[in-house]
Amino acid sequence: MSGSIALALRLLAALALYGFLGWALTFMYREVRRQSVVLSNRRVPGISIMVKQAGGATSMRYFSQAEITVGRDPGCDIPLLDETVSARHAHLTYHHGQWWLEDLTSTNGTKLNDLRITTPTVITSGDEIRCGSIGLSISLSENVVIEPTQRIKKT
Amino acid sequence: MNDQTQSRLLQWSAVFLTLQSIILTISPAVRERTWDVDYRLSHWIGLLAWGVLTFLAHRALTRYLPERDPYLFPAAAILSGWGMLAIWRLDENFGARQALWFGISIILFILALRYLKNLLFLKNYKYLFLFGGLLITTLTLVFGTNPLGLGPRLWLGCCGVYFQPSEPLKILLVIYLASYLADRANIRLLSFPLLIPTLMVTSLALLLLVVQRDLGTASIFVFIFTIFLFIASGKRRILIGTGFFLLLALLIGYFQIAIIHTRVVGWLNPWDDPTGNSYQIVQSLLAVASGGTIGRGLGIGSPSLVPVAISDFIFAAIAEETGLVGTLGLIAIIWVILARGLITSLRAADIFRRYLAAGVVAYLGIQSLLIIGGNIRLLPLTGVTLPFVSYGGSSLLTSFTALFLLLVISNIEDDEPSPISNPRPYSVLAAMFALGFAACGLTLAWWSIYRAPDLLTRTDNPRRAIADRYVSRGELVDKNNQPISITTGESGSYIREYLYPDLAPIIGYTHPVFGQAGLEASLDEYLRGLQGNPSSMILWNQMIYGTPPPGLDVRLSIDLSLQREVDQQLGSRHGAVVLLNAETGEVLVMASHPTFDPNKLSEEGEFLLQDKDSPLLNRASQGLYPIGSAVLPLIAAQFGNESPTEQSLRVFYEELGFYQAPLTDMPVTSDKPGVNTEMLRVSPLQISIAASALSNGGILPTPRIATAVNTGEQGWVVFPALEQPKLVLQAEAANEAAISSVEDGNPYWGHSGVGQLGDSVVTWALAGTLPDWQGAPLVLVVALEENDLNTAERIRNAIMNEVLNQ
């Protein structure tokens, strides 16, 4: 009799142990879900970039993603066919509610409004970027107003 | 949300630990199978302390670290509570001490949360901490002691409190390496800045190994350093290089350093030396095997059989009582801590904290893997503690320091982690730990399920002898149901009692130290209840008690009243007597003198084993004597007056079964096949089978001593015959030979002779009923270890008269 009770308790204890693990896994799963929902709710304000080739030709590009790379490599988001541009020259990233420009240790450097940058730098509308001999001018969409770093409401 | 997750997980831990405590409380009742026992209650104090302290720590965490990782603390809490109960179950004193240490750890933990949330002071005073730690460790080289009195002297002690400095030294090393490497980003291999910590770590490890013989801590230092270098540099060749270096060190250590040699040999071939160097690991594996799938239940197994079960082998102790189900859960919880720790490291706000978290994870992971792997023979044994679980104040404090560091680092308000230059080491580290623990899980399943049946029947498994104390063993009774061997006492203290000690060489004994012999050994499966009971009943008992069901009584063909007569006749002479039913082969009397008293085996066993007269030997079925002229009437019946050639005589002896051990249910021996007929030795039992031909019309019976088993539900079930009787002589020739062997008008035939080979002398005296005997045909063989025809014949005639007049 005592043996059967103990057996039942042993099975219950095993259930409780796996209950602990099950809950831990469930919570972790929910955390991933929540995180993905938060990130998908964060909208990136669109950015328009006008590329000015050395010859004077210009072209306009519009992006709505959070990371844009500039370089001679055709895989870059803005491929620049110019000898003075490195393969992966610079990239523009959106985080902390700002667009940031960062030089990817390019040979000829990246200039923001004629000043050479060495650290990630915030950019705004109207800024002029120079990668080698190619110029890029930035205009940000004003119409999207969001609060990107807001915490999700505690549930 | 964080607080809710943490609180829910803590509730599950509390439910789990409470259920374990209830099991521990009622465990004495399960062991002794009665409700009238002393229940175990003291551990509830420990559980209560655990509950209060955990609640306080939970409150402090919600208050001071609102954004911490919510999984780390509950995982640590359930592990330390589980460890505390496991220790309490093994030893109440150590359990209470562990509860005290848990209390001290939690209070310091809460104070640290209150005052030491900013970890930068660690970075600023890193050399102070490191040299403090080194200084104390150096002190143990000089003043070190071991609380147990034996073994490596790794503790500093005073006034009953012992402290192991190498435990916190691991954390201090992690802090030092984290801040040293964080100050030197993009470190290059083979550069000067790396030389200082490399030299320091290797010399420290060597010092620990050579002076203190602490293999575990030394290897943990090397592993932690390697992981740090790998994370800081991102170069995989570091891992390959260290692997190579460790292999080399292992090889050198194998030949040069005694402790490494012992451990490696014990790891590779544990079965060669199961009582010496491999004693610990073999006992640990037996505990794992005994746990099986769901374990024996807390308090119901026998984990205290494993040496140092409270610290180094706590994992084996837990495996025995919670089984594969429990150990896999335990490994999964450790894995949760490591995984959340690595996530914490990746989310850390700066490189110092990132390295610190990764180092803490490396320390916890490596140490857990080393000791779990060592317990289950996946890795060579290294005597380190299982973090959070093992007994020990230093170990528990260090584990909680590690937990504190991880929790503080995980408390990030700003969710923008510092950028990472090379993320690969983190995924490699996670994969390494995942693989390591998966290997542990598979090895556990291998020992506890696949290999368990083999392991548990090993003679060095003390659980069989323990089960015998709690489960009643079947009785041995004679043909009239007179008891011969019985089990007396109550559950928990059952002992075997032998009511007729003169039968000892035949009945044998079952003893926790000397093992089993005689019929107690050959009929063990029935007496232990493993045969003859329904298999569902055996399985059920195994599941709820971890023991076989109550044993079954076995009836022997021995007739105690005749046996008593024979023993009296034989007296103090050395020799053997067999009285056989010539038709059925049932052994009515079997005597072997000198004899011994199996009730006094505990005191006299060692002496009996050395005794030159070999009282433990069953002379009747295992004693081999020169055949001499013992079977002359049979030879005359087969060959007439011609003397047979060596070749034809050997064929005849083979027919009579002299060259092979008789097929029967007791231990028997025979001479080697192919021995010259002149040189042949036979046992009295073999002679009695052959002589049966004269009283049974030329037919040899198959001897047997166990006739029936009492299965309870179906009553006495008779054992089937082992083999068909065999015709060796024509009936007329046999009858004629019997009648012509009648001496002096006796109502039975008789024959006697002497066999001699070198120093070995035996006097054979045979007798048997005549063909016209109305009762069961009987055959008697008397073998005396001396040359004395008169005495042998006198004993034979006295017995025969007694038997035939009954």
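The table that follows gives values for the structure above.
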read-out	value
Whole-Å semi-axes of chain B's equivalent ellipsoid (Cα gyration tensor)	73, 28, 21
Nearest-0.05 FRET efficiency for B:D3 and B:I449, computed from C-beta distance (R0 35 Å)	0.30
Summed side-chain charge close to B:Q20 - residues other than B:Q20 whose Cβ falls under 10 Å, Lys, Arg +1, Asp, Glu -1	+1
Average beta carbon contacts from partner chains per residue of B:5-17, 10 Å cutoff	5
Shielding by partners, peptide B:539-548 (average Cβ within 10 angstrom, other chains)	2
Extension gain from B:D38 to B:S421, taking 0.36 nm per residue of separation minus the Cα-Cα distance	131.6 nm
Cα-only Debye scattering, region B:296-422: base-10 log of I(q)/I(0) at q = 0.12, 0.20, 0.21 Å⁻¹	-0.52, -1.08, -1.15
Range of Cα positions in region B:620-729 per principal axis (Å), largest first	58, 27, 17
Dipole magnitude (debye, nearest 20) for the protein assembly as shown, charges at Cβ of Lys, Arg, Asp, Glu	6440 debye
0 to 90° range, to nearest 10: angle between helix B:535-544 axis and chain B longest Cα axis	40 degrees
Nearest-20 debye value, chain A charge dipole, Cβ charges on Lys, Arg, Asp, Glu	880 debye
Where GluC sites (Glu not before Pro) fall in DSSP loop in region B:614-696, at most 14 other Cβ within 10 Å	B:E642, B:E678
Spacing of the two label points (7 Å from each Cα toward its C-beta) at B:R458 and B:A731, in nm	5.7 nm
Alpha-carbon Debye profile of region B:681-806, log10 I(q)/I(0) at 0.23 Å⁻¹	-1.33
Binned Cα-Cα distance frequencies in the protein assembly as shown - 10 Å width, integer %	2, 10, 15, 15, 13, 11, 10, 8, 6, 4, 3, 2, 1, 0, 0
Nearest-20 debye value, region B:415-543 charge dipole, Cβ charges on Lys, Arg, Asp, Glu	200 debye
For region B:59-98 versus region B:395-442, the gap between their alpha-carbon centres in whole angstrom	19 Å
Under Karplus coefficients 6.51, -1.76 and 1.60, residue-wise ³J(HN,Hα) of region B:393-409 in Hz, glycine/proline x	x, 4, 5, 5, 4, 5, 4, 6, 4, 4, 4, 4, 4, 4, 5, 5, 5
Within straight-line cross-link reach of A:K111, lysines at Cα separation under 17 Å, skipping those fewer than 8 residues along the same chain	A:K52
Region B:284-326-region B:602-617 distance, computed between alpha-carbon centres (Å)	36 Å
Proximal lysines relative to B:K170, as straight alpha-carbon distance under 18 Å, when same-chain residues fewer than 8 apart are discounted	B:K123, B:K126
Summed residue charge, Cβ within 11 Å of B:Y500's Cβ, Lys/Arg positive, Asp/Glu negative	-4
Loop trypsin sites (Lys or Arg not before Pro), region A:1-81, which have at most 13 other Cβ atoms in a 10 Å radius of their Cβ (DSSP)	A:R43
With Cα atoms, 0 to 90° folded angle of helix B:258-268 axis to chain B main axis	60 degrees
Neighbour-count ranking [beta-carbon atoms within 10 angstrom, fewest first] of B:M84, B:M800, B:M679, A:M28	B:M679, A:M28, B:M800, B:M84
Region B:204-345: C-alpha gyration tensor shape, a/c 1.5 cut-off, then a/b vs b/c	oblate
Leading residue at positive end of dipole, chain B (Cβ point charges), from B:Y180, B:I449, B:S648	B:Y180
Summed residue charge, Cβ within 10 Å of B:Y180's Cβ, Lys/Arg positive, Asp/Glu negative	+2
Full-stretch length increase - B:S572, B:V675 - with 0.36 nm per residue and alpha-carbon distance subtracted	33.9 nm
Over chain B, relative contact order from alpha-carbon pairs under 8 Å, at least 6 apart, %	10 percent
In sequence order, calculated HN-Hα J values of region B:691-704 (Karplus, 6.51, -1.76, 1.60; Hz; x Gly/Pro)	5, 4, 4, 5, 8, 10, x, x, 10, 8, x, 9, x, 8
On Cα atoms only, tilt of B:351-375 relative to the major axis of chain B in degrees	10 degrees
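Every number in this text was worked out from the coordinates using simple rules, so none of it is lab data. Everything quoted here is computed from the prediction, not taken from an experiment. In this analysis, Cβ positions are derived from the backbone assuming ideal geometry, glycine residues included, and neighbour counts consider all displayed protein chains.
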